[in-house]
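Take a look at the structure set out below.
The values are calculated or read from the model by the stated rules, or taken from the named source; none is laboratory data. Bear in mind that the values here come from a model prediction, so they are computed numbers and not experimental data. Note that each Cβ is placed from the backbone with ideal geometry, even for glycine, and that neighbours are counted across all protein chains shown. Side chains are part of the model used for accessible areas, which takes the heavy atoms of the whole protein and leaves out ligands, DNA and RNA. Shrake-Rupley method; radii C 1.70, N 1.55, O 1.52, S 1.80 Å.
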Amino acid sequence: VQLQASGGGLVQPGGSLRLSCAASGSIFSINAMAWYRQAPGKQRELVAGVTSGGITHYAESVKGRFTISRENAKNTYLQMSSLKPEDTAIYYCKGTTVVLNSAYDYWGQGTLVTVSS
């Protein structure tokens, strides 16, 4: 499984941005997708996740502002609205496969989101 994240950029506070994550390879083996972010000097944190069954979960800090969606086995999106300066970070997508009860994680390369006026 290979993941390619895109869509980052510079946006003003209160603005919106949509991140995309395109999967290739054994895409039908992916059980769940998630977005993480890492701000300068901070640890990587979970932002949002979605299972193959469509169940979503969000970090408290983004609930009501961000929406994760999975269009098909290949594309996963993170719609971000009402962006704040503290949302500034490198955003990574992660795919998880489960084989014989063992989970394997695959990471995209990251896309930078900067929220600033």
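Do any GluC sites (Glu not before Pro) in the range 15-117 lie in a DSSP loop with no more than 15 other beta carbon atoms within 10 Å, and if so, which? Present the calculation step by step, with values, prior to reporting the outcome.
Details: sites: E45, E60, E71, E86; in loops: E60, E71.
Loop-located and lightly packed - E60, E71.
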Completion exercise
With the 8 Å Cα cutoff and a minimum separation of six or more residues, the chain has a relative contact order in percent of 37
Exercise for the section: Using a cut-off of under 12 Å, list every residue of the range 32-67 whose amide N is near the label point 7 Å from the Cα of L112 along the Cα-to-beta-carbon line. Expected result: 40
Practice task
Give me the accessible area per residue for the chain, probe 1.4 Å, as a whole number in Å².
Solution key: 53
Problem - Lys, Arg +1 and Asp, Glu -1 on Cβ, resulting dipole of the chain about Cα centre, debye, nearest 20 - result: 80
Practice task
Treat each spin label as a single point 7 Å out from the Cα along the C-beta direction, and report the N72 to H57 distance in nm.
Solution key: 2.9
Completion exercise
Where a ≥ b ≥ c are root eigenvalues of the Cα gyration tensor, a/c under 1.5 meaning rounded, otherwise prolate if a/b exceeds b/c and oblate otherwise, the chain counts as prolate
